[in-house]
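Enquirer: Handing you a structure now.
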Amino acid sequence: MIELTPFLKKLLSLPGLSAYEMLVREAIAETWQPLVDELVVSRVGSLHGLKRGVAPEPRPRLLLAAHMDAVGLMVSGIVEGFLRITEVGGVDDRILPGQLVTVHGQRDLPGVVVQPPDFLLPLEQRGKPVRREFLLVDVGMTPDEVGKLIRVGDLVSFAQQPFELPGEALVGHSLDNRASVAALTVCLDELQHMVCGWDVWAVATAQEEETSLGAYTSPFDIRPNMALVVDVTHAKGPGSNDYRAYGLGKGVVLGWGPNIHPGLHKAVKELAERLEVPFQIEPMPRHSGTDAYAIQITAEGIPCMVLSIPLRYMHTPVELVSLKDIYRTGHLLAEFIARLKPDFMQKVTWEEPS
């Protein structure tokens, strides 16, 4: 059985910014290796794990997708030994001052994001959250030393180490979306003791935060009959308690909208009800903001379902999730897969609700 917390902490201790996922991909591959029959890396860096089904060939194919890349920073300039920064993925400038970071230059260097004293800022900026153009990374070296070790384009990742909180909560950077990679891992682990007719492709996709490149290319390679996409969504917390956020520790969140095949939504929802797995419904009236958008429009179109894990403080170094929600998501995935019949897709049609 997979020890979820140590595995997830390992993932959260690694960088892996969008388009630079090698280290986290290797850690995932090491854990997935005994859980799948085949493991390959795509041409653009996504990780594909195949667990073969038992139905006669040609078997239907299911894609399980969770992106493994993370948001972070990149060196955009060097001024007197201090580093100017730009974002990789969406990063809120307000959370940056005082953050511990790692600068991935000729070697990894610890650094801290700093800001000028308030009285030295332009008048219109004083007393307000400091914009990124005024923020710098200080690595504590002379300009000559910095010039030898760091160059424009080097990556800067958050250095916050993961830690546990009471109530089965885990905090760390990159839980968006390595919490979902962990849910896929729970699913693969449970499938070791189940019989499934379908071929299951577990995919840790690359570059979701910037280009969705893995989500466009992996399904084109695999050509699945349908896809279940796992991501995170906003959990209720300080200042976010209305209908746009979902209860932390209250179960998996099921997406509903144009990215979602209504037949798959119905099948997953009904199974969750039968198994008494707690769930919530998230309206996604437009783009779901997940890999499902790219997967859905690949080739002739792939039926998709989105399952999300509630997460607080998204795109910060202190993202927070409930471990219970990760386990529940992985369990629901495994139970759904184990119940798939070879003719499932013939019975699932796109029918708008009456």
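Enquirer: Looking only at residues in the stretch 77-113 that are surrounded by fewer than 17 Cβ atoms within 10 Å (Cβ to Cβ) and β-branched (V, I, T), which one is nearest to L333 (Cα to Cα)?
Expert: Going through the qualifying residues, I end up with I95.
Enquirer: Test T211 against the criterion of being more than 17 Å from the chain's Cα centre (by Cα), hydroxyl-bearing (S, T, Y) and open to solvent by 10 Å² or more (accessible area, probe 1.4 Å), and give yes or no.
Expert: no
Enquirer: Look through the stretch 41-51, keep the residues that are of a type outside the set (G, A, S) and either out of contact with any Leu (no Cβ under 8 Å at 6 or more places or on another chain) or in contact (Cβ under 8 Å) with a residue 60 or more places away in the chain (or both), and return whichever of them is surrounded by the most Cβ atoms within 10 Å (Cβ to Cβ).
Expert: Result: L47.
Enquirer: Checking the condition more than 17 Å from T316 (Cβ to Cβ) and in contact (Cβ under 8 Å) with a residue 12 or more places away in the chain, which residue from E80, E87, E124 passes?
Expert: Unique residue meeting the criteria: E80.
Enquirer: Got at least one residue in the stretch 52-69 being farther than 15 Å from R223 by Cα, open to solvent by 10 Å² or more (accessible area, probe 1.4 Å) and part of a strand (DSSP E or B)?
Expert: no
Enquirer: When you check Q296 against the structure, is it in contact with a Cys (Cβ under 8 Å, 6 or more places away or on another chain) and either over 18 Å from L333 (Cβ atoms) or modelled with pLDDT of 95 or more (or both), yes or no?
Expert: yes
Enquirer: Still on this structure: Give me the pairs: first residue in the stretch 323-335 and within 17 Å of P166 (Cα to Cα), second residue open to solvent by 10 Å² or more (accessible area, probe 1.4 Å) and among the charged types (D, E, K, R), beta-carbon distance under 7 Å, and six or more apart or on different chains, which are they?
Expert: Note: pairs meeting the criteria are L323/E168; K324/E168.
Enquirer: Can you find a residue in the stretch 27-42 that is in a loop (DSSP other than H, G, I, E, B) and touching a Pro at 6+ places or on another chain (Cβ under 6 Å)? Spell out how you get there, then give the answer.
Expert: Start the filter on the stretch 27-42 by keeping residues that are in a loop (DSSP other than H, G, I, E, B), which leaves 36-37, 42.
If we keep only those that are touching a Pro at 6+ places or on another chain (Cβ under 6 Å) too, we end up with none.
So far as the stretch 27-42 goes, no, none of its residues is in a loop (DSSP other than H, G, I, E, B) and touching a Pro at 6+ places or on another chain (Cβ under 6 Å).
Enquirer: Only one of T102, T86 is among the polar types (S, T, N, Q), part of a strand (DSSP E or B) and under 12 Å from F158 (Cα atoms). Can you tell me which?
Expert: Answer to the check: T102.
Enquirer: Considering only residues of the stretch 1-39 that are under 24 Å from V54 (Cβ atoms) and in contact (Cβ under 8 Å) with a residue 12 or more places away in the chain, which is surrounded by the most Cβ atoms within 10 Å (Cβ to Cβ)?
Expert: Among those that are under 24 Å from V54 (Cβ atoms) and in contact (Cβ under 8 Å) with a residue 12 or more places away in the chain, it is W32.
Enquirer: Residue pairs, Cβ under 6 Å, 6 or more apart or interchain, first in the stretch 140-167 and open to solvent by less than 70 Å² (accessible area, probe 1.4 Å), second among the charged types (D, E, K, R). List them.
Expert: Listed pairs, sorted by first residue: P162/K9.
Enquirer: Answer with yes or no whether M74 is closer than 30 Å to A179 by Cα, of a type in the set (A, V, I, L, M, F, W, C) and either open to solvent by less than 10 Å² (accessible area, probe 1.4 Å) or at pLDDT 95 or above (or both). If you could, list the steps in order and put the result at the bottom.
Expert: On the way: closer than 30 Å to A179 by Cα: yes; of a type in the set (A, V, I, L, M, F, W, C): yes; either open to solvent by less than 10 Å² (accessible area, probe 1.4 Å) or at pLDDT 95 or above (or both): yes.
Here the answer is yes, as M74 does meet what is asked.
Enquirer: Separate question: I'm checking my understanding of the structure. Among residues of the stretch 309-351 that are part of a loop (DSSP other than H, G, I, E, B) and aromatic (F, W, Y), which one is least open to solvent (accessible area, probe 1.4 Å)?
Expert: By that ranking, first place goes to Y313.
The values are calculated or read from the model by the stated rules, or taken from the named source; none is laboratory data. These numbers come from a predicted model, not from an experiment. Heads up, the Cβs are rebuilt from the backbone with ideal geometry, glycines too, and the neighbour counts pull from every protein chain shown. We work out accessible area using only protein heavy atoms, side chains counted, and drop any ligands, DNA or RNA first. Shrake-Rupley method; radii C 1.70, N 1.55, O 1.52, S 1.80 Å.
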